[in-house]
Amino acid sequence: MKISLEINGKKHEADVEPRLLLVHFLRDVANLTGTHIGCETSLCGACTVLLDDAAIKSCTVLAVQADGCRVTTIEGLASAGELHPVQKGFWEHHGLQCGYCTPGMIMAACGLLRENLSPSEAEIREGLEGNLCRCTGYQNIVDAVESAAREMAGAVK
Amino acid sequence: MIPSNFEYHAPTSIEAALDLINQYGDDCKILSGGHSLIPVLKLRLAAPAAVIDIGRIPGLSSISLDRDRLRIGALATHASIAASDMLGQLCPLLATTAHQIGDPQVRNRGTLGGSLVHADPAADWPAAILALDASITVRGSAGERHIAANDFFVDMLTSAVQQGEIVTEISVAVPAQPRASSYIKVAQSASGFAVVGVAVQLEIDNGVCVGARIGVTGFAPKPYRASSTENALKGNPITEDLISSAAALADSEAADAMNDIHASGEYRRHLTRVIAARALRAAARV
Ligand SMILES: Cc1cc2nc3c(=O)[nH]c(=O)nc-3n(C[C@H](O)[C@H](O)[C@H](O)COP(=O)(O)OP(=O)(O)OC[C@H]3O[C@@H](n4cnc5c(N)ncnc54)[C@H](O)[C@@H]3O)c2cc1C
Ligand code: FES
Ligand code: FES
């Protein structure tokens, strides 16, 4: 089936099998390997991307379901060589160790911040409930998102 | 994990969807949010010839008030229900239940209609749907019918919706006292599904319980109304003693408890009584 997706502002068209998962479309068809596959069972959140601005697990969406939609992946965050505030937050607050969960964590955080620009610590933890990290113990990730929220709120003012 | 091949159709009207479903008969699956079906397809527990994606049919995700009834489209996502100000005001039990499902990504995709039809014995919606005495609207080629919440859940993973039918809407009467409600669950730590969840909608007049509906999920292979608890409450002044004694009956309607890796039947039975008491206290604000 022929589908057309706008990924990070760029149109991608392809003829795909209906059973192709969105995460495989992103990695294998669009060659955007920043989105990771962890558990394949909808639990770890490593595959999180934004679909029409909402955070979703791309291992649990068919590529054909995303036909005509907008997708934002980790590759679409930085602009003109400037890191996105959430990426900057992860860098500055050591929000990652091995980095495997990081693209999904960052996209989930972006989804959260789209709905709530000044989340409390509890709201950040709740917003990242669908993402697992085997390394950091989460505290630095929460700090990173808090700092990104502050920076983004400042930019909005 | 890759599903078996299937044909994919994304009809844009209910009529077109019904035609397709009738054409394939047993060999097709309806797709809404996909957060139960896609995992099942990936595990190849099902390998239908066709998947009929109803997600592109317009008008099936609206939330509206029609005189004294709230009407929620089958495709309304858990996230949209949790975020609805109208539901927060008029029926907070729906909003609070939605908010407790899974995680943000799951709530952004999963739908009320899909969850009800899937009839997972650990799902959250059934408790609230029973406590609100909801009506479920189903369309088939023979027309429309309405299924009462009490008749909807038939067995583990089996609802009263027949092959060839599509759930289009869920409606509930606006409760007389919206805030006299609560949903409390003990969640499985990995997925968030309910080990046991109890939803309560009360009506209290001058300290006396004049109405009580209680839905229990997670405990038994199918969700149920805790009628013994409801009857023990009705007509009596709401006190801590009454809540304790009534909640102790919350497991009476279900003969068999579920017994699995998440919890033994005995523990679930205990939890059902404890969670029922907590949910009642929260709803009655005692
Ligand atoms: C990681 C994870 C965690 C979760 N945690 C929870 C939780 O804590 N609590 C909870 O309750 N649920 C939980 N869920 C399940 C989630 O809520 C699902 O979204 C829901 O059970 C199914 O809704 P859906 O729209 O995704 O349905 P789908 O997966 O699209 O469909 C489910 C079934 O219903 C049928 N169907 C769907 N829509 C209709 C319709 N309108 N008419 C007729 N048949 C239809 C389909 O054919 C299929 O058999 C979780 C899921 C995941 C992946
Ligand atoms: S790979 Fe999608 S949730 Fe783990
Ligand atoms: S940094 Fe290694 S899994 Fe999160």
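The values are calculated or read from the model by the stated rules, or taken from the named source; none is laboratory data. Computed from a predicted model, the values in this text were never measured in an experiment. We place every Cβ from the backbone using ideal geometry, glycine too, and count neighbours over all the protein chains shown. Ligands, DNA and RNA are stripped out before the accessible areas are found, and what is left, the full protein with its side chains, is counted by its heavy atoms. Shrake-Rupley method; radii C 1.70, N 1.55, O 1.52, S 1.80 Å.
General observations
- Test: residue in the range B:66-83 that is under 21 Å from B:Ile184 (Cβ atoms), within 14 Å of chain A (Cβ to nearest Cβ), buried (at least 18 other Cβ atoms within 10 Å of the Cβ) and of a type in the set (Gly, Ala, Ser): yes
- Residue check, B:Asn150 open to solvent by less than 40 Å² (accessible area, probe 1.4 Å) and in a helix (DSSP H, G or I): no
- Residue in the range A:56-63 that is at pLDDT 95 or above, surrounded by fewer than 21 Cβ atoms within 10 Å (Cβ to Cβ) and under 13 Å from the mean Cα position of the chain (by Cα) present: no
- Filter result (under 15 Å from B:Val154 (Cα atoms) and either of a type in the set (A, V, I, L, M) or crowded, with 20+ Cβ neighbours inside 10 Å (or both)) within the range B:223-232: B:Pro223, B:Tyr224
- The set of residues in the range B:27-65 that are touching a Ser or Thr at 6+ places or on another chain (Cβ under 8 Å), away from chain A (no Cβ under 13 Å) and closer than 25 Å to A:Leu20 by Cα comprises B:Ile57, B:Pro58.
- Some residue of the range B:124-135 being surrounded by fewer than 24 Cβ atoms within 10 Å (Cβ to Cβ), modelled with pLDDT of 95 or more and more than 22 Å from B:Ala257 (Cβ to Cβ): yes
- Taking the range A:102-134 as the range and being assigned to a loop (DSSP other than H, G, I, E, B), open to solvent by less than 50 Å² (accessible area, probe 1.4 Å) and within 13 Å of ligand 3 (Cβ to nearest atom) as the test, the residues that pass are A:Leu128, A:Asn131, A:Cys133.
- Residue among A:Gly95, A:Gly89 that is away from chain B (no Cβ under 12 Å), part of a loop (DSSP other than H, G, I, E, B) and within 15 Å of the chain's Cα centre (by Cα): A:Gly95
- Residue identified as at positive phi, buried (at least 17 other Cβ atoms within 10 Å of the Cβ) and not acidic (Asp, Glu) among B:Gly25, B:Gly34, B:Gly59: B:Gly34
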